[in-house]
1. At ALA19 and GLU59, where each label point lies 7 Å from the Cα along Cα→Cβ, what is the point-to-point distance in nanometres?
2. What whole-number value in Å² describes the accessible area per residue of the range 1-56 for a 1.4 Å probe?
3. Between SER37 and GLU5, what is 0.36 nm times their sequence separation minus the Cα-Cα distance? Round to one decimal in nm.
4. Using DSSP to call loops (not H, G, I, E or B), can you name the trypsin sites (Lys or Arg not before Pro) in the range 1-55 whose Cβ has at most 16 other Cβ atoms within 10 angstrom?
5. Would you pull out the residues with amide H under 5 Å of LEU25's amide H, same chain only if 5 or more places away, H placed 1.01 Å from N?
6. Grab the beta carbon distance between ARG12 and SER67, set R0 = 35 Å, and tell me the FRET efficiency rounded to 0.05.
Amino acid sequence: MESRERVQIRTRENGSTLAAWRVSLRVPQGAIVLAESGGKGWYRGEGGLLGTSQERLAELWKAALASGESEPELPQYG
């Protein structure tokens, strides 16, 4: 895993901007975005992972987090 960051995404189904987690990977080259809305979550592959199945992206996500060093620092608002 190269990095993990909080990003903003837009979807066709949702009229508002959503927050999601993005994990950049070295191998395979690309990134995975985990978005959650309405109690449901889904993955989106980027780069070399574009078009990868939800099941495979979930496996890669779990493996990437297991290899990560620590949780990212979350910004404090308010």
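1. 3.1 nm
2. About 67 Å² of surface per residue is accessible.
3. Values: separation 32, 0.36 × 32 = 11.52 nm, distance 1.78 nm.
Result for the pair: 9.7 nm of gain on full extension.
4. ARG10, ARG12, ARG26
5. Amide H neighbours of LEU25, under 5 Å, 5+ apart: GLU2, GLY30, ALA31, ILE32.
6. 0.60
The values are calculated or read from the model by the stated rules, or taken from the named source; none is laboratory data. In this text the structure is predicted, and so the values were computed from the model without any measurement. Using ideal geometry, Cβ is built from the backbone for each residue, glycine included, and neighbour counts are taken over all protein chains shown. Please note that ligands, DNA and RNA were not included when accessible areas were found on the heavy atoms of the full protein model with its side chains. Shrake-Rupley method; radii C 1.70, N 1.55, O 1.52, S 1.80 Å.
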